[in-house]
Structures are given as C-alpha cells and as structure tokens.
Amino acid sequence: MPHTTVPDGGCVDARVYSAPDHPVESYLSTCCHGGAKMAVLAYSLGKREINQYFCIKNAKLLSLAAVILLTVFHTASRYYGGGDTCEWLLSSGRFLGENVWQPYGCMMHKYKSIEAKTCLAEKRVAFIGDSRIRQLFYSYIQIIDPTQRENGRKHENIPFEDRSSSVNVDFLWYAEVNNSLKERLMSWTEDPSVKPDVVIIGAATWSIKLRSGSSEALQQYRANLTAISLPLEQLAEDGEVYWVLQDPVHEEILSVNRKMITNEQLELYNEAALGTLNSNKKNAKTRVRFLGASRQAAMETIAQSADGLHLPENTRNVGAMILMNAVCNKVLRPIDGSCCQSLPAPNLLQKLTGCVFLGSALVFLVLHALGHNRYWKSRPTPPDVESGEEKKPATAAPPLSHKAPFQAMCKMGLIMAYFYLCDRADIFMKEQKFYTHTTFFIPLIYMFVLGIFYSENSKETKLLNREQTDEWKGWMQLVILIYHISGASAFIPVYMHVRVLVAAYLFQTGYGHFSFFWLKGDFGLYRVCQVLFRLNFLVIVLCLVMDRPYQFYYFVPLVTFWFVIIYATMAMWPQILQKKANGSGMWHIGILVKLLGLLLFICFFAYSQGLFENIFSVWPVSKLFELNGSIHEWWFRWKLDRFAIIHGMLFAFVYLVLQKFQVLSEGKGEPLFSTRISNILLLISVVSFMTYSIWASSCKNKTECNEMHPYISGLQILAFILIRNIPGYARSLYSSFFAWFGKISLELFICQYHIWLAADTKGILVLIPGNPSLNIILSTFIFVCVAHEISLITNDLAQVAIPKDGGTLLKRLLVAGVFTLGLLLMSKSAEGNQGEGH
C-alpha cells in the first residue's frame, strides 16, 4: 500500500488509490472470491479512509490546539480553583490496587528510614489524641524506625526518640478536647523551648461515647474547639499543625459500649472541626491543616477493621505516609514527591537558553516581515543515525534559506516551553505509576493488532532491510514505552525481556555502523559530526532547559560512546573495507582480529571497575557520565549490554561475507537457506525463545539475572532475526505502522521523560484529571506529534550546523568546543557555590 503522506506532512488525495495497478486490486482479481474478496476490500478501504483524513500535518495542528486549551484550563484551575498540592495530598485521593495510595493530582514519595531521620533531625513531633491517633503515631515512628511495634500501652503518654538523628516523637493521651488539652497547648505557646515543630491532633469518639452522642456534647465539643483554635494557630505560625478528621467506623461490628459512635455522629463532629478551626485565620501561615485523605482511604477499608473502630494497618500506614510527605517534601525535595513541594526558579543556564530561543523567534519574525519567505518545503525523512543505515534521497534537496534555521529554532523553543510546563512548572498534574498485568499486556495486545492491520508488501527482500529494521525499532520502542508508563520494571520477567530489547537497539547500532563503514569506507569528519549532532542535539537542549545531567538520558550517551568506539575500531590502521577484502581473503582475518581486540578491550574494562570509574571520573569527562555525583549508573548501563555492539558488528560481517559469496537466497518468497537448514534453524530459534522466557520467569532478583544478561541476550536477538528473515514470505512483508514509529524511535525514547511520563520518569503526566484512559490517549497523541516534529527540526538544523566544507566545519567545531567548555566551567562554578552554601 502506498504511503499516504508527502514529505512536508500534507495529506494525499484519496484518488491515488483508484489506479488500476494498485496491489490490492490486483490481489483481489487473482486470488480472492466472494466473502474473502469483500473482507480484503473492506480491510483495504478501512486503511485508506484512516490514512486519507488522519495525516501527520493535521495531527500536529490538533495537538497544538489541545496543548493551548489544556494549558489555559490548568492555569485557570490552579489560579481560581486552588492549586495547593498540600491540600490535594491531605484532602483526597484513591487506592491503586490494595495498598498504594494516589493523592489527587500529585505524587507521594515513599519515605525510607534514613530519609525520615534526615528530614526530622533535631525536631520534635507531637501526636495528641485518642487510641486512633495512637495508631497513627505508631505507623509514623515505624517509618523512622521499622523495628518499632505497638507495646500495648493504653491511656498514657508514649515517648519515642531516635538518638542518632535527635528526632523526638511523642504521643500524648488526650481522649477529649477539653481544658486540660487547652492548657497543654497554651504551655507550648508560652515556652518555645518545649514547643513541638509539628503537631498532629484529633479527638471525638470519646466525647460521643461518654455522652451517648447527645446534641449537648456536640455543642460542648464545638465550644472547646473554639477555645483551642487560638493556641493552635499560634503554634502554626512557626510550625505545622494538622487536625486529623475522624475516620468512619464499621457500625455492624462495634461493641455494645461503642454502638453510639455512628458515622452520622462522626460527620457532625468533623463538620464542627472544619467550621470552627481557622474561622479567624488571618493568613495561610497560621492555618491549621486538615488531614482528610486517610478518612477517605478508611471508607474503602474500614470493613477490614478487627473491632469496627480502629483502622487496618495498611490504612494507618497511608495516613502516616501522607503526614511524612506533608512535612518532608519541601525539605528533601524528592523527585517523586511532587505534593507539598514548590518547584525552584529557573537557573542561569535555563534563562540563557530561553533567551536564545526568544532571540531566534525575534530574528525569524524580522526576516519574515522583510519578505524572506523561501523555505525548503520538502523535508525528507531524517536518516537513521542510531543504526547507521542511511538512504540517499532520489533528488538532492535545495539548500535552506536564511530564515529556515531560525524558524526551526523558534519551533524548538515552543516545544521546549511545553516540556518545561509539563515537568518544571506547577501547571499540569502528576500521578505515580502502578503496575498490574492488565495495564501492561492489554495495551501490548492493542499495539500488535494495529501493527498487523498495517501490514504491507516490502520494497526489499534482503535480510534486515531498511523497512524491516524500522519496523523492528518501532515495535520495540512501543513496547518500551508501555513498559515505562505501566511501571512494569517491578515485574522481573517483563524487565528481563525489555532488557533484551535495549540490547537489540545497541545490536542494530553495531550492525548498521559496521555495514556503513565496511561498504562505503566514509570516515570523514562530516559524516561523524552529522551522526553525533543528530544523536545528541535534543538531549543537549533538554539538559539546558530541564536542568538535567547528560547521563540522565542514558541511552544517548550509551549509543554515542559505542558509535565512537565503532568508528575508532574501523578507522584505525589498517582500514579494512569490503573492496580491499575482495582482493585477498587475509583481510577478512584482519577484520576478525580487530573485532577480537575490541572484545578484549570490553572484557578488560568489564573486570576492572575501579579503573573504569577512575577514567570516567576525570573532569571534564565526568560531566558527561556522572549522575548525582556518581559514575555508578554509567558503569551499570555500560556493563549490562557491553557485548551487544560487538554482536551486531560480527553479525554484519558474517552476513555481508555470506551475501558476497551468494550463500544466502534473498529473492522474493525464497527461504534464506535450503528447506532443511531453514527448518532446523527455525526450530532452534523458537526453542531458544521459549527457553529464555522460562528462565526469565524463574528469575528471583534483578541483580543475579542481570549478571547473565550480557551473555545470553545476543542469542535471543539472533533467534528473532532468523525467525523474522528465514521464511521468504516474512521478509516480503512489514508493518508500516511500526516502521513509522521506528523512524522517530530516538525522539520517542527521549521525549517520554518529560511530556508523557513526569517527574523525570518517576510518574505519569496528567492532562485530563479523573479519567486515566482519556488522559493516556491525549497525552500519547501530543507526545508522538512532538517527537515527530523534533526529528524534522533536528534534520533541518543538522544541515545548517554541519557544513560539508571541511574548513568551515573545523571552525564551527572549535566554537562548539569553546562553548561547551564554558558551559562546563559555569556548571562547575555553580556546584562549588552550592557546596559553600551548604
């Protein structure tokens, strides 16, 4: 089926499909009859209708309109409807599964002991109330010290102290709101030396129980709340005060002496607290905050209560973790704790980057006003720099006008503004991931059904032709995207299979770049700079705009590093090319010696972690490979797939040699080998797949399985290639759906960090609150359109930034080197200033 978009993104006329030589018509006329013919015709017409109206140009216009509307909506909602994420955290949420609590609109960090101690160091926390507050107290101190357990002490004060961090958390028994409680609060306001930094308080059930739920008791409760409201507000001036709203009860199983504690009564007491406290508030700093989210969680779990009054453990833990987030997020600023955390102001580099984009936009507008309207209207598909496969366009594209690069930068600036709004501004909401088999496998099934729906005849039938490698990268990238957004890394069998997909990307890098150098022998500086620019442009811009280190986008440093290694291996003396090897078989041995040397190089560093880390820890190299001040992440990523590149290079060498000597049958419909050999290899490949899946399903922990991964991933990649290419009919077909995504797989992988996922991949971006399905559809649509446009922008700018003239290119490289050194020095200076500040 022909492609339905033209290079500039416009839609084609549906009349092109009426041509009598269209493959579908010819297929129908020769092999289909009756119902089968109608089914095939409906299938073909369905694809035509979809492709006629849904082209990438229209899609991008729709996504732009959606972004504008959503930005306006969320900004207005924050401004007029209340955008305090602390209120969201404390007031509402929902359960994801049985034990994972999702606050409304923001992410809740799961605090570990060391983090809690760091946050609360030299602080005093006081829990005041009845037995239900005591339960909350125990859940809270178990975050600080997981060994703590309830000791059975009742109706008395319970102190807790962690001497290593000087944290003091006390439970004070006050079953009712009365004068005794008021005196305690007043004493704290009068003596700052004993005043707690955080107060968590709540009580009502004893007032209902002792007075049988009478209306007089409620009036007295309201009066007592009024009496303590002033000291609570005074405590909130320099500290934090949280009033715990009463959780529901399970009335059916309450004991006889608690039967008067009904949910109706508890609601009346909650309304009294909400209406009395903060009634005289002057400003937000003196407000008493209400913890109502645990009450909402309890509504779903109170049926699990042992006595109908006290909450099950998982619900108490939710309340304790909410309180820990409310207190500590603004102190420790965890990436995955967006609740109660204001985002920092843009730094100097971010401001300078914004000025560059703004300046480009101004120049573009000036040139446009002056009439420089000539622009390259045919934007060819960007070359595949990840795998090294490049196809020359049929006709040379005319050079870009003076306005074109500024227009591209203007578009890039608008896109980066969207990135910033999504993940660095308090505009859009974020939620945490939660894995279930359904959230991973159902989208996977939908994806493969769509891929099959768009199956088409391939123009080439050679092994790993361009259409097939695009298809391969496309479906792998879509699987990885689903894996990331569903949080499937928590499920080890899926994790191990995805590790093979990442290795397959690197395999293609080795295969593609080796093939290019072996066949064409182009080791020129222009080619190298083109590849490096296209690989790194988006990531470098994101490092500046999003204030992230280069290693954060780990796949690009990995591919860039291995491209340099492949280039060095093939370019070093003696340069062995296919033309030279055809003259003498000894050169084949020479290339194998080079590959053996590369293998020894890899093995040497793999077993010399100390040397590896010392080399990559030297400034300024360390700035490229450090993450959070450590080289460990780079070491882990490098070591995990260290053999994938050489597997790809070796496979490319063997394949090209076999192809040269005409050992393979690559004609249309022909099996790759003889029937017997083909069947044996297919059987071995299928058994290999099944064996790996069984092994991955039996993995107990990631560390042990990752140790095996470098040695066995290559077998699975080879098995897939054989299954996909041995049958002639399989080589003759490809999925244009997957191939389309394969052409922008690099941009998809990088863009997902901030405009599909959120909080630097820790969470999920929420554009449509309250409707997860619609949200994922819309955010995915915008995300894909943005990735496609970035791939075209990168291609345009590469032509301007990397000239073919050697002298001009060297001058630009010198300028780029000075600019990069300046950025590194500025970054180093900023880090030094931060260190002195601490």
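Test Leu650 against the stated conditions and say whether it is within 30 Å of Phe604 (Cα to Cα), modelled with pLDDT of 95 or more, out of contact with any strand residue (DSSP E or B) (no Cβ under 8 Å at 6 or more places or on another chain) and open to solvent by 70 Å² or more (accessible area, probe 1.4 Å). Answer is yes for this residue.
Per-residue answers, yes or no, for (1) of a type outside the set (Lys, Arg); (2) at pLDDT 55 or above; (3) open to solvent by 40 Å² or more (accessible area, probe 1.4 Å):
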position: Ser18; (1), (2), (3): yes, no, yes
position: Ser29; (1), (2), (3): yes, no, yes
position: Ile50; (1), (2), (3): yes, yes, yes
position: Ser92; (1), (2), (3): yes, yes, no
position: Met108; (1), (2), (3): yes, yes, no
position: Glu115; (1), (2), (3): yes, yes, yes
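Of the residues contained in the stretch 461-473, one or more are found to be touching a residue at least 12 places away in the same chain (Cβ under 8 Å), among the β-branched types (Val, Ile, Thr) and outside any helix (DSSP H, G or I).
Residue pairs whose Cβ atoms lie under 7 Å apart, sitting 6 or more positions apart in sequence or on different chains, and linking a residue in the stretch 58-81 that is farther than 16 Å from Ile768 by Cα and in contact (Cβ under 8 Å) with a residue 12 or more places away in the chain to a partner that is surrounded by fewer than 17 Cβ atoms within 10 Å (Cβ to Cβ) and among the charged types (D, E, K, R), do not occur here.
Of the candidates Pro344, Pro334, the single residue that is over 20 Å from Ile144 (Cα atoms) and either among the basic types (Lys, Arg) or open to solvent by 10 Å² or more (accessible area, probe 1.4 Å) (or both) is Pro344.
Quick one: is Val786 surrounded by 15 or more Cβ atoms within 10 Å (Cβ to Cβ) and either at pLDDT 95 or above or among the acidic types (Asp, Glu) (or both)? So Val786 fits the description; yes. Scan the stretch 691-703 for residues that are surrounded by 11 or more Cβ atoms within 10 Å (Cβ to Cβ) and in a helix (DSSP H, G or I) and report the count. Of the residues in that region, 7 qualify.
Put simply, of Gln246, Gln220 the only residue that is modelled with pLDDT of 95 or more, open to solvent by 70 Å² or more (accessible area, probe 1.4 Å) and of a type outside the set (D, E, K, R) is Gln220. Residue selection: Asp162 fails the criterion of being touching a residue at least 12 places away in the same chain (Cβ under 8 Å) and within 30 Å of Ser207 (Cα to Cα).
Being among the basic types (Lys, Arg) and either out of contact with any helix residue (DSSP H, G or I) (no Cβ under 8 Å at 6 or more places or on another chain) or surrounded by fewer than 22 Cβ atoms within 10 Å (Cβ to Cβ) (or both) is the filter here, so list the residues in the stretch 128-180 that pass it. Step through it out loud before you land on a result.
Taking the stretch 128-180 as the starting set, the residues that turn out to be among the basic types (Lys, Arg) are 132, 134, 149, 153-154, 163.
Result: Arg134, Arg149, Arg153, Lys154, Arg163.
Taking the criterion of being under 30 Å from Cys55 (Cα atoms), touching a Cys at 6+ places or on another chain (Cβ under 9 Å) and modelled with pLDDT of 90 or more, would at least one residue in the stretch 800-814 satisfy it?
If we filter the stretch 800-814 for residues that are under 30 Å from Cys55 (Cα atoms), which is where we start, we get 800-801.
Next cut, touching a Cys at 6+ places or on another chain (Cβ under 9 Å) only: 801.
Retained after the next criterion (residues that are modelled with pLDDT of 90 or more): 801.
Looking through the stretch 800-814, at least one residue is under 30 Å from Cys55 (Cα atoms), touching a Cys at 6+ places or on another chain (Cβ under 9 Å) and modelled with pLDDT of 90 or more.
Out of Ile208, Ile228, one residue alone is in contact with a helix residue (DSSP H, G or I) (Cβ under 6 Å, 6 or more places away or on another chain), of a type in the set (A, V, I, L, M, F, W, C) and over 24 Å from Ile322 (Cβ atoms). It is Ile208. Report whether or not Arg316 is within 24 Å of the chain's Cα centre (by Cα) and not aliphatic (A, V, I, L, M). Criteria not met by Arg316. In the stretch 533-545, the residue that is surrounded by the fewest Cβ atoms within 10 Å (Cβ to Cβ) out of those that are touching a helix residue (DSSP H, G or I) at 6+ places or on another chain (Cβ under 6 Å), touching a residue at least 60 places away in the same chain (Cβ under 8 Å) and not aromatic (Phe, Trp, Tyr) is Leu544. Checking each residue in the stretch 87-126 for being closer than 26 Å to Ala204 by Cβ and either of a type in the set (Val, Ile, Thr) or in contact with a Lys or Arg (Cβ under 7 Å, 6 or more places away or on another chain) (or both) picks out Leu90, Val125. Taking the stretch 480-524 as the range and being among the aliphatic types (A, V, I, L, M), open to solvent by 20 Å² or more (accessible area, probe 1.4 Å) and touching a residue at least 60 places away in the same chain (Cβ under 8 Å) as the test, the residues that pass are Ile485, Ile492, Leu519.
Quick one: would you say Arg211 is farther than 17 Å from Leu235 by Cα, open to solvent by 10 Å² or more (accessible area, probe 1.4 Å) and not polar (S, T, N, Q)? When the stated conditions are applied, Arg211 passes them.
Applying the condition of being of a type in the set (D, E, K, R) and surrounded by 17 or more Cβ atoms within 10 Å (Cβ to Cβ) to the stretch 706-750 and asking which residue is nearest to Asn679 (Cα to Cα) yields Arg724.
Does Thr780 satisfy the condition of being closer than 30 Å to Val67 by Cα, part of a helix (DSSP H, G or I), touching a helix residue (DSSP H, G or I) at 6+ places or on another chain (Cβ under 8 Å) and at pLDDT 90 or above? Spelling it out, it is not the case that Thr780 is closer than 30 Å to Val67 by Cα, part of a helix (DSSP H, G or I), touching a helix residue (DSSP H, G or I) at 6+ places or on another chain (Cβ under 8 Å) and at pLDDT 90 or above.
For first residues located in the stretch 237-258 and assigned by the TED database to the domain that holds Leu218, partners that are open to solvent by 10 Å² or more (accessible area, probe 1.4 Å) and aromatic (Phe, Trp, Tyr) and lie 6+ apart or on another chain with Cβ distances below 9 Å form the pairs Tyr242/Phe290; Trp243/Phe290; Val244/Phe290; Leu245/Phe290.
Here Asp13 fits the description: modelled with pLDDT under 80 and open to solvent by 50 Å² or more (accessible area, probe 1.4 Å).
Taking the stretch 653-682 as the search range and keeping residues that are in a loop (DSSP other than H, G, I, E, B) and of a type in the set (Ser, Thr, Tyr), which one is surrounded by the most Cβ atoms within 10 Å (Cβ to Cβ)?
Checking each candidate, the answer is Ser665.
Of note, Lys209 does not satisfy the criterion of being in contact with a Lys or Arg (Cβ under 8 Å, 6 or more places away or on another chain), in contact (Cβ under 8 Å) with a residue 60 or more places away in the chain and of a type in the set (D, E, K, R).
Need pairs with beta-carbon distance below 6 Å; first residue among the charged types (D, E, K, R) and within the stretch 762-780, second modelled with pLDDT under 95; sequence gap 6+ or separate chains. Cβ pairs passing all conditions: Lys762/Ile335; Lys762/Asp336.
When you look at Tyr526, is it assigned to a helix (DSSP H, G or I), closer than 30 Å to Ser693 by Cα and aromatic (Phe, Trp, Tyr), yes or no? No: the conditions fail for Tyr526. Within the stretch 251-277, being outside any helix (DSSP H, G or I), surrounded by 19 or more Cβ atoms within 10 Å (Cβ to Cβ) and out of contact with any Phe, Trp or Tyr (no Cβ under 8 Å at 6 or more places or on another chain) holds for one residue alone: Ile261.
The values are calculated or read from the model by the stated rules, or taken from the named source; none is laboratory data. Note that this is a predicted model, so its numbers are computed, not measured. Positions of Cβ are backbone-derived with ideal geometry, glycine not excepted, and every protein chain shown enters the neighbour counts. Note: areas computed on protein heavy atoms with side chains; ligands, DNA, RNA excluded. Shrake-Rupley method; radii C 1.70, N 1.55, O 1.52, S 1.80 Å.
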